[in-house]
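Written below as structure tokens is the structure these notes are about.
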Amino acid sequence: MNKYDFDKAVDRKNTYSLKWNVPENELPMWVADMDFACAPEILEALRERMDMGVFGYTIIPDAWYEAYHGWWKKRHGLDVPKNSYVFCTGVLPVISTAIRSFSNPGEKILLMSPVYNAFYHIIENNGRVVSEADLICENGEYKIDFKDLEEKLKNANTPMMILCNPHNPIGRIWTKEELGKIGELCEKHSVLVISDEIHCDITYPGKKYIPFASVSETNKKIGITCMAPSKAFNLAGICTAAVMDADKKRRKRLSTALMNDGAAGANVFGVDAAIAAFTKGEEWIEELNEYLFQNKTYVQNYIKKNIPDISMSEADATYLLWLDVRKISNDSKKICSYIRNRTGLYLIPGIEYGKAGEGFLRMNIACPKSRVEDGMERLKESIRHL
């Protein structure tokens, strides 16, 4: 008997929701936030803060450092001093600040594509150049082309790499060996790794995320890790996150830069939400992951039975599915637009994640199963009439 109800459909229309700011009868399964109510343990903590009635400037209490340290040590095997963590308002602000702090205009920032589309915008908006090492896709499974990766890292004009672990949009959890190899190559070519690990707590049965910094002293030395409760606990709108850097000198430089950028100010609700999530949220996360796995399995089986021209990449983590529609069309924007116009199903075209994403669509299944079933019916109808 489950303790939490993930079948309950929360009506988010007319609530300033980015995801649900869509015309009537559309079904948004695009942006990466969940339709589930927050964990009751977090809601209780927020209500206590609300009842106090004063929301002034906030310090970062020791309980916040303890919460991050305890969660990553117990759940993920990452044991670093508590002061290695720095509060920030979000993962993307950290990445943007790190780019300006540890690279120069005109230099290259390496990505393994297809990868989260915001990385491209942040790199370009900060006057840097995107360098791509495309992942290899074979029979729906992705792997790293280490020969190509090293060729790109060897470029003397490439001081930084942004790693996505687990990887968005393909859902891969990189192995210890893969992360170790990345660390070795980056150290060899003097490249700093910014590891975005925001999706780390959404993993499927039998799959375990490995923090980049936990693999070796080399990785810890050349890596900065971005983390947050926002994806796993549906707290994106509260703007609460952390950056972990074991290098004291570099951490101080980054922390100062975050303060200068206005990205280090504590959010009174964000502090309490993070503490509650990482000290009381484990049971909720376990049930959530099981529910998401059931949604994923449903979609996988439905597609095999009813939409054979589409296939789904194997995923270890995240609530995002990567759909291969290349048998139908390589123009992901065109097919995405057609699906939305015909049935109201709102997905994201794979080209948004780099050229290597062309011919794919991304779907978010972090919603009650009834909405997943609705989405599958709409997808089937679209493809049937395409």
Quick check on LEU135: is it within 19 Å of the chain's Cα centre (by Cα), open to solvent by 10 Å² or more (accessible area, probe 1.4 Å) and in contact (Cβ under 8 Å) with a residue 60 or more places away in the chain? yes
So, THR58, is that one among the polar types (S, T, N, Q), surrounded by fewer than 18 Cβ atoms within 10 Å (Cβ to Cβ) and in contact (Cβ under 8 Å) with a residue 60 or more places away in the chain or not? yes
Answer with yes or no whether GLU124 is more than 20 Å from ASN168 (Cα to Cα) and open to solvent by 20 Å² or more (accessible area, probe 1.4 Å). no
When you look at TYR65, is it open to solvent by 40 Å² or more (accessible area, probe 1.4 Å), touching a Phe, Trp or Tyr at 6+ places or on another chain (Cβ under 7 Å), among the aromatic types (Phe, Trp, Tyr) and at pLDDT 95 or above, yes or no? yes
Residue in the range 141-168 that is most open to solvent (accessible area, probe 1.4 Å), counting only those that are under 23 Å from THR203 (Cβ atoms) and either β-branched (Val, Ile, Thr) or over 18 Å from the mean Cα position of the chain (by Cα) (or both): GLU141
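Yes/no per residue for (1) among the charged types (D, E, K, R); (2) under 17 Å from the mean Cα position of the chain (by Cα); (3) closer than 28 Å to GLU150 by Cα:
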residue: GLY180; (1), (2), (3): no, no, yes
residue: GLU184; (1), (2), (3): yes, no, yes
residue: LEU192; (1), (2), (3): no, no, yes
residue: ASP196; (1), (2), (3): yes, yes, yes
residue: TYR209; (1), (2), (3): no, yes, yes
residue: MET259; (1), (2), (3): no, no, no
residue: ASP272; (1), (2), (3): yes, no, no
residue: PHE278; (1), (2), (3): no, no, no
residue: GLU283; (1), (2), (3): yes, no, no
So which residues in the range 111-147 are assigned to a strand (DSSP E or B), under 22 Å from ALA241 (Cβ atoms) and either of a type in the set (Phe, Trp, Tyr) or in contact with a Lys or Arg (Cβ under 6 Å, 6 or more places away or on another chain) (or both)? none
Looking at (1) within 15 Å of ALA315 (Cα to Cα); (2) open to solvent by less than 20 Å² (accessible area, probe 1.4 Å); (3) more than 15 Å from the chain's Cα centre (by Cα), can you tell me which one ILE109 breaks? (1)
Does LEU163 satisfy the criteria of being closer than 17 Å to CYS186 by Cα and not in a helix (DSSP H, G or I)? yes
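The values are calculated or read from the model by the stated rules, or taken from the named source; none is laboratory data. The model shown is predicted, which means the values in this text are computed figures rather than measured ones. Using ideal geometry, Cβ is built from the backbone for each residue, glycine included, and neighbour counts are taken over all protein chains shown. Accessible surface is based on the protein model in full, side chains and every heavy atom, while ligands, DNA and RNA are left aside. Shrake-Rupley method; radii C 1.70, N 1.55, O 1.52, S 1.80 Å.
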